[in-house]
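The values are calculated or read from the model by the stated rules, or taken from the named source; none is laboratory data. Note that the structure is a prediction, hence the values are computed from the model and not measured. Positions of Cβ are backbone-derived with ideal geometry, glycine not excepted, and every protein chain shown enters the neighbour counts. The accessibility values were calculated without ligands, DNA or RNA, using every heavy atom of the protein model including side chains. Shrake-Rupley method; radii C 1.70, N 1.55, O 1.52, S 1.80 Å.
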Amino acid sequence: MESGTIPVITIDGPSASGKGTVAQIVARRLAYHYLDSGALYRLVALVAIRSNTDCANESAITNLALHLDVNFDGSSVRLNGEDVSDALRSEQCSKLASIIAGQSAVRAALLQRQRAFRQSPGLVTDGRDMGSAVFPDASLKIFLTASAEERARRRYKQLIEKGINANMQSILQDIYERDTRDSNRDISPLRQEVDAKLLDTTFLSIEDAVNEVLRLHNAVCKN
Ligand SMILES: Nc1ncnc2c1ncn2[C@@H]1O[C@H](COP(=O)(O)OP(=O)(O)OP(=O)(O)O)[C@@H](O)[C@H]1O
Ligand SMILES: Nc1ccn([C@H]2C[C@H](O)[C@@H](COP(=O)(O)O)O2)c(=O)n1
């Protein structure tokens, strides 16, 4: 199958909106491949932290992005063979990923790696610019969001369930900061594109959100 004819569902949206959760379930139900594009930015951030690379040095950060040795193994992410799934979720990594994601050369370095995930029978992917820049010809584009307060509540619950200490006010503050940075950068900012369907999950369960994406996908397939 020609790569351009392989269906792609993109789910973009702000942090902790549930993109990853919904995208993974939809991918499983359709037996499609799944790409968490945020993990790539987080991996670059993690390598930068570990190698003490100055995040303002765009060419050095780009070099790290070009040479990532990554393997997505189910729900775990391996860097040079090491399972770094938990390390990627640290607050330090989240913040640095958002900062380096504003560098155009870093985004360019990760572009082909992301496009290579477009494999038969289809791909579900989540991030910030999957529908706008990475897969502009996607078959279905979703902009998934929820109120900042609801997203903070979900993140708080997620951390507490993992046994990680969490503070609601600082989570909300991090969400505002990251959303502002991701939405205001010059290149591929987070925003709802005109051809993306808005899915506000503030009052929706995960199952309802998944069903809505599948309903929209089925409607596209019929046309
Ligand atoms: N509709 C929903 N109702 C209740 N909880 C939800 C809903 N959607 C997602 N969640 C929960 O919210 C938390 C955050 O979801 P998830 O990690 O998928 O967000 P994300 O948008 O991928 O975040 P990030 O961009 O920061 O990686 C998870 O614990 C998930 O189970
Ligand atoms: N397509 C993408 C995916 C992610 N980013 C940046 C911006 C985010 O704050 C950061 C971490 O992403 P997350 O794991 O929270 O989805 O990575 C981006 O710019 N474009």
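A few remarks follow.
- For the range 37-120, the extents of the C-alpha atoms along the principal axes are 37, 25, 19 Å, listed from largest to smallest.
- Links that overshoot a 21 Å alpha carbon limit, given the list 95/197; 162/197; 19/197; 19/157: 95/197; 162/197
- Residue 93 - accessible surface, heavy atoms, 1.4 Å probe, Å² rounded to 10: 0
- The local environment of residue 81, defined by Cβ-Cβ distances under 14 Å, has a net charge of -3 under the rule Lys, Arg +1 and Asp, Glu -1.
- Protein accessible area in the range 37-120, 1.4 Å probe - carbon and sulfur %: 47
- Net charge of Cβ neighbours under 12 Å - reference residue 24; Lys, Arg +1; Asp, Glu -1: +1
- Based on protein heavy atoms only, the chain ends up with 50 Å² per residue of surface accessible to a 1.4 Å probe.
- With only Cα atoms counted, the chain has Rg and Dmax values of 16.8, 51 Å.
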